[in-house]
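What follows draws every value from the coordinates through simple rules; no lab data is involved. Please read these numbers as outputs of a predicted model, since none were measured by experiment. Note that each Cβ is placed from the backbone with ideal geometry, even for glycine, and that neighbours are counted across all protein chains shown.
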Amino acid sequence: MKTKFSEILKVKKQKVSELEQQLAAKRAQKELLLVQLAEVLSKIEDFSFPKEGDFSGFKSAQYGLEYLSKEKEHKENMIKYFDQELENLNILYKEANIEYEKIKHLHELEEKMILQELLKKESKEMDEIANQLFLLRQQGEDL
């Protein structure tokens, strides 16, 4: 049933849906980063310096380990960033959901009022029809 709150309710619902989608996307990105971080940690754990060879091989291995350490640090920072983004989106989602619920409640109250008015109107019409039928029967009996 359409009320004066119908359009507002629709907009609020769209906002909640958009925020849900953003939250899901950020969570998926964070999960991907967690998997990538686990892979980097596994590589660091499995890393070993060469036991023999020249200095350039050792230096190359050292650069490789430094690269993995920087990649690990980068992934950890990105995870922290996504945690902050998720926290902010959660706050926005909660606020939007509260607003949506408020408007939904007002919409439902308005629907109830409209329905009650329709029922009153129908009841009056039914009473009027009953009165007309009663009068018709009375007129028929008087003749």
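Can you compute the label reach from S17? Point 7 Å from Cα along the Cβ direction, backbone N cut-off under 19 Å, restricted to the stretch 93-112.
Within reach of a label on S17: 93-105, 107-108.
Residues in the stretch 67-88, backbone N under 11 Å from the label point at F47 (7 Å along the Cα-to-beta-carbon vector): list them, ranges by number please.
Of the residues in the stretch 67-88, 67-73 have backbone N under 11 Å from the label point off F47.
Please check the chain for the longest run free of trypsin sites (Lys or Arg not before Pro) that are loop-located per DSSP (anything but H, G, I, E, B) and have at most 10 other Cβ atoms within 10 Å.
With a cap of 10 other Cβ atoms within 10 Å, the longest stretch comes to 52-143.
Using 1/(1 + (r/R0)^6) with R0 = 25 angstrom and r between the beta carbons of E110 and Q84, what's the FRET efficiency to the nearest 0.05?
The pair E110/Q84 has a calculated efficiency of 0.05.
How far, in degrees from 0 to 90, does helix 6-46 lean away from the longest principal axis of the Cα atoms of the chain, to the nearest 10?
The angle comes out near 20 degrees.
Could you work out how far apart the two model spin labels at E101 and E66 are, taking each label as a point 7 Å from the Cα in the direction of the beta carbon, and quote it in nm?
With each label point 7 Å from Cα toward Cβ, the separation is 5.4 nm.
Mind pulling the angle between the C-alpha long axis of helix 55-142 and the longest principal axis of the chain? Nearest 10 degrees, somewhere in 0 to 90.
Taking the Cα atoms of the chain, the angle to 55-142 is about 0 degrees.
When 1/r is averaged over all different Cα pairs and the result inverted, which Kirkwood radius in Å belongs to the stretch 6-107?
It is 16.9 Å.
Given the pairs K12/K112; K10/K124; K13/K72, which span a C-alpha to C-alpha distance of over 30 angstrom in this model?
With Cα atoms farther than 30 Å apart: K10/K124; K13/K72.
How far is it, in nm, from the label point at S56 to the one at Q36 when both lie 7 Å from their Cα along the line to the Cβ?
About 3.2 nm separates the two model spin labels.
Taking Cα pairs under 8 Å and at least six residues apart, what relative contact order does the chain come out at, in percent?
43
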